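The values are calculated or read from the model by the stated rules, or taken from the named source; none is laboratory data. Keep in mind it's a predicted model, so treat the numbers as computed, not measured. All Cβ positions, even for glycine, are placed from backbone atoms using ideal geometry, and neighbour counts span all protein chains on display.
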Amino acid sequence: MHIVALAVVVPMIGAAVLVGIRLWSPRLLNDLIAGGVALAVVTLCAILLARSAHHPFAYWMGGWRPNDAVAIGISFSVDQLGAGMATLAAVLVAAALIYSWRYFDGADGLFHALMLLFMAAMAGFCLTGDLFNMLVFFELMGAVAYALTAYRIEERGPLQGAINFAISNSVGAYAIFTGIALLYARTGALNMAQIGHALDGHPADPLVIVAMSLLFIGFLTKAAAVPVHFWLADAHAVAPTPVCVLFSGVMAELGLYAVARLYFTIFAGALGPHAEQLQAILVALGTVTAIWGGVMCYAQRHLKRLLAFSTISHIGVFLCGIGLLSPRGLAGVATWVAGHGLNKAALFMLVGVLLHRFGTVDEFELHGRGREIRVAGVLFGIGGLLLSAVPGVTSFFGKSLLDSAALEAHDPWLPAVFVISSILTGGAVLRVTGRVFMGWGASEREEDVQVAGAAREGDEETTRRDHTPPLMLAVPAVLLVGSIVLGLIGGVVPGIERAAAHFHDHAAYARWVLRGQPAHFVPVATSHVEAFDYLYAAGATVGALALAALTLFGYRLLPRTPSAVLGPPRTALAALRRLHSGHIGDYIAWWTAGAAALGGASLVLLR
Amino acid sequence: MSFLPFAVAAWLFLAGLYGIVSSRSLIRAILSLTVVQSATYVVLLGVGYSKGGQAPIFADIPQTSKAVDPVVQVLVLTDVVIEATVTAMLLALAVQAHKRFGSLDPQDLRALQD
Amino acid sequence: MVLFGVAAVGFGVVLVYGLSGLPAFGHYHGVYGKVINGIGVTERHATDLVTALNFDIRGFDTLGEEFILFGSVLGVVLILRQMRGEHDRPRQHEADEHTFAGASEALRALSLAVIPAILAIGIYIVVHGQLTPGGGFQGGVILAAGPLVVFLAGRYLRMRIVAPHTLVEIGEAAGALGYALVGLSGLVLAGVFFKNFLPLGIAGHLLSGGQMDLASAAVGLEVSGAFLVAFGEFLDQAMVVSGSPRS
């Protein structure tokens, strides 16, 4: 049980040691220390995952146990979903570090130290039971992320991306601070279980509602939901590939984890009577994000921005799932997040392979050149199919759980949103596979000449190479296998469903954190995959393939299509793209609008 | 009177946001971010105040005397450290941005657009 | 801009509405603070409860906060590192070494006289954290001002000799490591991570509060190291680095 703290402290110590010795230590030593620590943390988190399966437990730092159900110290409240997210984070950091053995000319151990700190922050964020402690780790995650985004200081893009990232996320963090202040004033507590306990039984008044909307908008900024998502594409376009792996694979999802955790530990009691209205707000936000992200994804030619927008689209889907506020919805999101994290990490690594080999990430410049590395092409295609949640893989099981949850909540149109997102994001990756690795489709697009400049600009290196180290292909291959197989391992999906049901149980959480009473959970019936789930998923995959094929081979039809058909979508798309201007002032204006909208909608609907 | 600190905090938050949105210089935008953070300090410290309370230092006052809330002070301390460090990083980025772009105007940062 | 105007009004309304639910200024009755005020002195023999919270009761938060400082300064070093095409300006004549306009002999003499006072005050505040307002963070910043005064005295390169890059970085890392080890010692020696494992002493005396002194010292070392690294990087950029980076 004491290993709970070790999961956070060991990488911190590793980072401090790496910095202390960095001026003398050779690259190999840095790699070994960082890799070793990362693997150790993966083991620790996996142990926590196993231990917390039936007995979630609270570990009080400094031995300050609650005094009469008043929490004094900081607790790490470890339940299975939290430990699971921590394990996913640790696995991806380890994979990124191993991948960068060959990929990166790491700057004197600074990179390794920052990655270990990132890992410590994510582990702490997932495991903590104290609201302010969560914010501290949120800020640590953020600070390290800003530094890692700006890694390639020789170029202009990373600097701008890091500035936009830092200012956007900091504003979000200040909203969270204000929300914490409000809750502290009302309840006199910082421990999440205790705040929830104190708010229970009282009707939700404006203070609680505003606190909730401030906390949510802050964490949703990290999660990149529309309209606070603008920073994510910028940051992804310029951050080094191993860092993008982490941003898309797990960091953005942690924002959603926080929203879910906060709701079920703090607000579920007070806002229970208004659950339906809250569902409406969250699902609406999620739907807009999913569609916006999907459309922007398909319109990209810069491969990293393409993957970034596909992450935004998936975040929208996940937000819908959480917004359903049901155990099945949570289970679906958790399963899909696991599959998506591994999948997206592998895709970014493969884009890194292309960058390493050819010096560009522009889809049209890479036209046909991927034929030299067939293996990468095969993996990329598999990744695209996984994005569309082809039947049988982990994401598919998550999707089927989400579809069932949506139908339970009487939102039969919601699975259609999931399908659209799958088609757009999977289709985009499949289209790239065709164009880059098979040489299909047009090789230049007339009107996008200035976008080509942008794609060339934030590139990591501009040298060409003749040889791709096998390690750079092996790591994504392993991750893809994991993404396919995880859902098929017996007991994993039912385990996730059980964990989600525990997560959902607001009253039980207060009991096992504050009073140390072992939790008794009602056994959960596992869901079965229905026939229509296979139908939807197969439809999504077929749709993605069709869309990719249409784009690749149908360009010859373009001049013959009447402009009345093509015109409106083109202007709409152009308008949408202009919004992503790179100007921080615009982003913050949208942030304020989002905060006002969320707060206003909550105040109006949740009374 | 009793709502004044919190009104000030709300005003600071909005003024800081306005500063970031309308800045023609990165330095001014970064400092406006600091203003937004000051809003959180004011709220936190305002929340913890008790009329007639002493500082929570019991070196020369009896232990049972009325004292203000020490927890918010710790929260603000953490807040200050976070702000200082993030501001330092942002200013470093501004220094490099000035070297690369030749300008600190966000309008001139055109390396990333769709 | 119009968007922002409308949005700001909306957000402002939301904020004020929420803040209006706060208890009136000065009439806060939260239980957490009351409990701490009640038990702090007896439980931990410390008279400054803010420090007791910082380094003992909520010491884990401070661990995170300290590493935020550590990581951010690493970020500053990363961002301001030298690139191809940049180089240090050649050292000029001794009397002219990277001074700034306005440095005079009087300024130099006064600055140098102030340094011992700064160091003494800094160490005093670090060590007395658990008794009076102060502690590692505050004292560390004051300590960092010491070598900075050398710079103000007009001797930038001397500052680099007093606080050389390597030494400060190692000091910072050692401080961060030290704080983590204090927590770990709590685990190893007292059974729970971050539990106070040193004898508590008598309240009001210098050696009280158990591990708070140790933690305070570690934090003081880290904070002063971090700020010196940061100052050094920025001053390097302003004074030493020149040339345009090759893209």
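Computed values, structure above
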{"item": "Subset tally (residues that are at the interface with chain B (Cβ under 7 Å from one of its Cβ atoms), in contact (Cβ under 8 Å) with a residue 12 or more places away in the chain and either under 29 Å from A:Phe104 (Cα atoms) or not aromatic (Phe, Trp, Tyr) (or both)) for region A:153-180", "result": "11"}
{"item": "Only one of A:Arg51, A:Arg22 that is of a type in the set (Lys, Arg) and within 14 Å of another protein chain (Cβ to nearest Cβ)", "result": "A:Arg22"}
{"item": "Which listed residue, of C:Pro147, C:Pro133, is of a type outside the set (A, V, I, L, M, F, W, C), farther than 24 Å from B:Ile61 by Cβ and either touching a residue at least 60 places away in the same chain (Cβ under 8 Å) or in a helix (DSSP H, G or I) (or both)", "result": "C:Pro147"}
{"item": "Pick from region A:292-330, criterion of a type in the set (D, E, K, R) and either crowded, with 24+ Cβ neighbours inside 10 Å or assigned to a helix (DSSP H, G or I) (or both), ranking: modelled with the lowest pLDDT", "result": "A:Arg328"}
{"item": "Those residues of region B:36-69 which are within 7 Å of chain C (Cβ to nearest Cβ), within 19 Å of C:Ala46 (Cβ to Cβ) and either at pLDDT 85 or above or in a strand (DSSP E or B) (or both), in sequence order", "result": "B:Ile57, B:Ala67"}
{"item": "A:Leu355, sole failed condition from (1) modelled with pLDDT under 85; (2) of a type outside the set (Lys, Arg); (3) over 30 Å from A:Leu282 (Cα atoms)", "result": "(1)"}
{"item": "Lone qualifier among A:Ser25, A:Ser52 - being surrounded by 15 or more Cβ atoms within 10 Å (Cβ to Cβ) and touching a strand residue (DSSP E or B) at 6+ places or on another chain (Cβ under 6 Å)", "result": "A:Ser52"}
{"item": "First in region C:42-54 and more than 7 Å from chain B (Cβ to nearest Cβ) and under 17 Å from B:Gln73 (Cβ atoms), second anywhere and in a helix (DSSP H, G or I) and charged (D, E, K, R), Cβ under 7 Å, 6 or more apart", "result": "C:Arg44/C:Asp56; C:Ala52/C:Arg44"}
{"item": "Members of region A:143-181 found to be within 19 Å of B:Leu26 (Cβ to Cβ) and among the hydroxyl-bearing types (Ser, Thr, Tyr), listed by number", "result": "A:Tyr146, A:Thr149, A:Ser168, A:Ser170, A:Tyr174"}
{"item": "Filter result for A:Met12 (modelled with pLDDT of 90 or more, at the interface with chain C (Cβ under 8 Å from one of its Cβ atoms), closer than 20 Å to A:Phe137 by Cβ and assigned to a helix (DSSP H, G or I))", "result": "yes"}
{"item": "Of the criteria (1) touching an Asp or Glu at 6+ places or on another chain (Cβ under 9 Å); (2) within 9 Å of chain C (Cβ to nearest Cβ), which one A:Ala150 fails", "result": "(1)"}
{"item": "Given (1) in contact (Cβ under 8 Å) with a residue 24 or more places away in the chain; (2) over 30 Å from C:Tyr32 (Cβ atoms), index of the condition A:Tyr146 fails", "result": "(1)"}
{"item": "Filter result for the condition that a residue is out of contact with any Gly (no Cβ under 6 Å at 6 or more places or on another chain), surrounded by 24 or more Cβ atoms within 10 Å (Cβ to Cβ) and not β-branched (Val, Ile, Thr), over A:Phe125, A:Phe104, A:Phe137", "result": "A:Phe125"}
{"item": "Qualifying residue in region A:146-167 (condition: surrounded by fewer than 24 Cβ atoms within 10 Å (Cβ to Cβ), polar (S, T, N, Q) and part of a helix (DSSP H, G or I))", "result": "no"}
{"item": "Residue within region B:92-104 that is closer than 25 Å to C:Gly139 by Cα, at the interface with chain C (Cβ under 7 Å from one of its Cβ atoms) and either out of contact with any Phe, Trp or Tyr (no Cβ under 6 Å at 6 or more places or on another chain) or of a type in the set (Lys, Arg) (or both) present", "result": "yes"}
{"item": "Checklist (1) aromatic (Phe, Trp, Tyr); (2) touching an Asp or Glu at 6+ places or on another chain (Cβ under 8 Å); (3) farther than 16 Å from A:His229 by Cα applied to A:Tyr257, failing item", "result": "(2)"}
{"item": "Where A:Ala225 falls short, out of the listed (1) buried (at least 24 other Cβ atoms within 10 Å of the Cβ); (2) of a type outside the set (Phe, Trp, Tyr); (3) assigned to a helix (DSSP H, G or I)", "result": "(3)"}
{"item": "Single condition B:Ser50 does not satisfy, out of (1) under 29 Å from C:Gly33 (Cβ atoms); (2) free of Cβ contacts under 8 Å to residues at least 12 places away in the same chain; (3) hydroxyl-bearing (Ser, Thr, Tyr)", "result": "(2)"}
{"item": "Within region A:354-373, considering residues that are part of a loop (DSSP other than H, G, I, E, B) and of a type outside the set (Gly, Ala, Ser), the one farthest from A:Leu307 (Cα to Cα)", "result": "A:Ile373"}
{"item": "Residues within region A:52-102 that are touching a Lys or Arg at 6+ places or on another chain (Cβ under 7 Å) and among the polar types (S, T, N, Q), tallied", "result": "0"}
{"item": "Failed criterion for A:His202 (all others in (1) farther than 25 Å from A:Ala596 by Cβ; (2) part of a helix (DSSP H, G or I) hold)", "result": "(2)"}
{"item": "Hits in region C:55-73 - residues which are in contact with a Leu (Cβ under 7 Å, 6 or more places away or on another chain) and in contact (Cβ under 8 Å) with a residue 40 or more places away in the chain", "result": "C:Phe67"}
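This table checks each residue for (1) at pLDDT 75 or above; (2) surrounded by fewer than 22 Cβ atoms within 10 Å (Cβ to Cβ); (3) in a helix (DSSP H, G or I); (4) more than 14 Å from chain A (Cβ to nearest Cβ).
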site: C:Gln138; (1), (2), (3), (4): yes, yes, yes, yes
site: C:Ile161; (1), (2), (3), (4): no, yes, yes, yes
site: C:Thr166; (1), (2), (3), (4): yes, yes, yes, no
site: C:Ile170; (1), (2), (3), (4): yes, yes, yes, no
site: C:Ala174; (1), (2), (3), (4): yes, yes, yes, no
site: C:Gly178; (1), (2), (3), (4): yes, yes, yes, no
site: C:Leu181; (1), (2), (3), (4): yes, yes, yes, no
site: C:Leu184; (1), (2), (3), (4): yes, yes, yes, no
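Per-residue answers, yes or no, for (1) surrounded by fewer than 17 Cβ atoms within 10 Å (Cβ to Cβ); (2) touching a strand residue (DSSP E or B) at 6+ places or on another chain (Cβ under 9 Å); (3) β-branched (Val, Ile, Thr); (4) within 23 Å of A:Ala258 (Cβ to Cβ):
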| site | (1), (2), (3), (4) |
| --- | --- |
| A:Ile484 | no, no, yes, no |
| A:Leu488 | yes, no, no, no |
| A:His504 | no, no, no, yes |
| A:Ala508 | no, no, no, yes |
| A:Arg511 | no, no, no, yes |
| A:Arg515 | yes, no, no, no |
